[in-house]
Amino acid sequence: MKLEPGDAAPDFSLPAADGGTVSLDAYRGKRVILYFYPAAMTPGCTKQACDFRDSLDSLAAAGFAVLGVSKDTPAKLAKFVEHDGLTFPLLSDPGLEVHQAYGAYGEKTMYGRTTVGVLRSTFVIDADGKIEKALYNVKATGHVARLRRELGVD
């Protein structure tokens, strides 16, 4: 099931790379960019994470928090954070429950073959916890710049 603008964002509480736990409800009152990516420390996922890192100041100034979610363990996420100097929370969802709640896991076509896996997806959640934007099957390269344009973030 895919989410649409106006839907309530499914709440979650997930372990983070820093050893803590992050809950979506802790961000009520803020706009959140929640993105799902296939695997830490792979070329596309690194490009996307670094683009978010490099845009974090302007996104924060515009009132956005950024959260990344993958099925990687917190230990692997911690290595990703350290290796690439990532400055926003990376969350671990190894059971894929949150991926599935957001429709970010399912059938996809790669190199002409249909497989099941993580769908690179981004959600903008408003201050009241509603989906503002639901973007599925986004490209790693150029996605953050496109999102910034769509959100009017300089």
Give me the pairs: first residue in region 107-121 and under 18 Å from residue 2 (Cα atoms), second residue crowded, with 16+ Cβ neighbours inside 10 Å and polar (S, T, N, Q), beta-carbon distance under 9 Å, and six or more apart or on different chains, which are they? 118/70; 120/48
Go through (1) at positive phi; (2) among the aromatic types (Phe, Trp, Tyr); (3) surrounded by 14 or more Cβ atoms within 10 Å (Cβ to Cβ) for residue 102 and report which single condition fails. (1)
Conditions (1) touching a Lys or Arg at 6+ places or on another chain (Cβ under 8 Å); (2) aliphatic (A, V, I, L, M); (3) at pLDDT 95 or above -> residue 101 fails only (1)
Among the residues in region 24-40, are any in contact with a Lys or Arg (Cβ under 7 Å, 6 or more places away or on another chain), among the hydrophobic types (A, V, I, L, M, F, W, C) and part of a loop (DSSP other than H, G, I, E, B)? yes
Please list, ordered by first then second residue, the pairs with beta carbon atoms under 7 Å, 6 or more apart or interchain, first in region 76-102 and closer than 17 Å to residue 39 by Cβ and of a type in the set (S, T, N, Q), second at pLDDT 95 or above and part of a helix (DSSP H, G or I). 92/74; 92/77
Which of the residues belonging to region 80-95 are surrounded by fewer than 18 Cβ atoms within 10 Å (Cβ to Cβ), over 14 Å from the mean Cα position of the chain (by Cα) and of a type outside the set (D, E, K, R)? 83, 85, 94, 95
For region 52-62, check the following and say yes or no: at least one residue is over 10 Å from the mean Cα position of the chain (by Cα), of a type in the set (A, V, I, L, M, F, W, C), assigned to a loop (DSSP other than H, G, I, E, B) and over 18 Å from residue 123 (Cα atoms). no
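With respect to residue 77, determine if the residue is touching a Lys or Arg at 6+ places or on another chain (Cβ under 9 Å), in a helix (DSSP H, G or I), at pLDDT 95 or above and surrounded by 20 or more Cβ atoms within 10 Å (Cβ to Cβ). If you could, list the steps in order and put the result at the bottom.
Numbers: touching a Lys or Arg at 6+ places or on another chain (Cβ under 9 Å): no; in a helix (DSSP H, G or I): yes; at pLDDT 95 or above: yes; surrounded by 20 or more Cβ atoms within 10 Å (Cβ to Cβ): yes.
The answer is no for residue 77.
Do we have residue 6 as buried (at least 21 other Cβ atoms within 10 Å of the Cβ), at pLDDT 95 or above and not hydrophobic (A, V, I, L, M, F, W, C) here?
Working: buried (at least 21 other Cβ atoms within 10 Å of the Cβ): no; at pLDDT 95 or above: yes; not hydrophobic (A, V, I, L, M, F, W, C): yes.
So residue 6 fails the test.
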Anything in region 87-118 that is of a type in the set (Ser, Thr, Tyr), out of contact with any helix residue (DSSP H, G or I) (no Cβ under 6 Å at 6 or more places or on another chain) and closer than 23 Å to residue 59 by Cβ? List them, or say none. 102
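The values are calculated or read from the model by the stated rules, or taken from the named source; none is laboratory data. Being a predicted model, the structure only gives us computed values, none of them experimental. Cβ coordinates were reconstructed from backbone atoms using ideal geometry, including for glycine residues, and neighbour counts include every protein chain displayed.
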